[in-house]
């Protein structure tokens with residue numbers, strides 16, 4: 001999934017989501033439903049030139065996945081920002097039903 005995100009490929013990204021999934025990025029409002037999540041993520045992809053995740057650790061509790069690492073954003077002026085992130089995913093039938101990103105992107 002992170003490869004799809006780093007490629008800014010919303011179509012492939014959407015394939016990981018349940019139809020009625022919920023999504024929260026940082027302190028932004030929760031978004032519900034695959035089409036609305038894709039729209040929000042696509043808007044974010046269009047706000048940066050590139051992004052690249054490095055996953056340092058992954059945990060697999062019975063109901064999902066937790067991962068943490070760093071993400072580097074490349075702005076349109078080619079400057080970069082690298083920050084830590086932690087994502088939690090609640091998974092049901094191999095699709096993400098709840099996706100929460102803990103990251104402070106305010107410096108973007």
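Note on the range 22-71: residues that are touching a helix residue (DSSP H, G or I) at 6+ places or on another chain (Cβ under 6 Å), in a strand (DSSP E or B) and closer than 17 Å to residue 89 by Cβ amount to 3. When we screen 72, 88, 63 for residues that are touching a strand residue (DSSP E or B) at 6+ places or on another chain (Cβ under 6 Å) and modelled with pLDDT under 95, the only hit is 63.
The single condition among (1) surrounded by fewer than 16 Cβ atoms within 10 Å (Cβ to Cβ); (2) touching a strand residue (DSSP E or B) at 6+ places or on another chain (Cβ under 9 Å) that residue 44 does not meet is (1). Close Cβ contacts (under 7 Å, 6 or more residues apart or on different chains) running from residues in the range 75-98 that are surrounded by fewer than 17 Cβ atoms within 10 Å (Cβ to Cβ) to residues that are modelled with pLDDT under 95 and assigned to a strand (DSSP E or B) are absent. For the range 1-14, taking the residues that are without any contact (Cβ under 8 Å) to a residue 12 or more places away in the chain and either surrounded by 13 or more Cβ atoms within 10 Å (Cβ to Cβ) or touching a helix residue (DSSP H, G or I) at 6+ places or on another chain (Cβ under 7 Å) (or both), the one that is farthest from residue 53 (Cα to Cα) is identified as 12.
Taking the conditions (1) out of contact with any helix residue (DSSP H, G or I) (no Cβ under 7 Å at 6 or more places or on another chain); (2) over 19 Å from residue 3 (Cα atoms); (3) surrounded by 14 or more Cβ atoms within 10 Å (Cβ to Cβ) in turn, residue 106 satisfies each one other than (3). Scanning the range 47-66 for residues that are within 20 Å of residue 96 (Cα to Cα) and in contact (Cβ under 8 Å) with a residue 40 or more places away in the chain, we see that the one that is surrounded by the fewest Cβ atoms within 10 Å (Cβ to Cβ) is 55. The sole residue among 22, 32 that is more than 19 Å from residue 106 (Cβ to Cβ), surrounded by 16 or more Cβ atoms within 10 Å (Cβ to Cβ) and touching a residue at least 12 places away in the same chain (Cβ under 8 Å) is 22.
The values are calculated or read from the model by the stated rules, or taken from the named source; none is laboratory data. Computed from a predicted model, the values in this text were never measured in an experiment. Cβ coordinates were reconstructed from backbone atoms using ideal geometry, including for glycine residues, and neighbour counts include every protein chain displayed.
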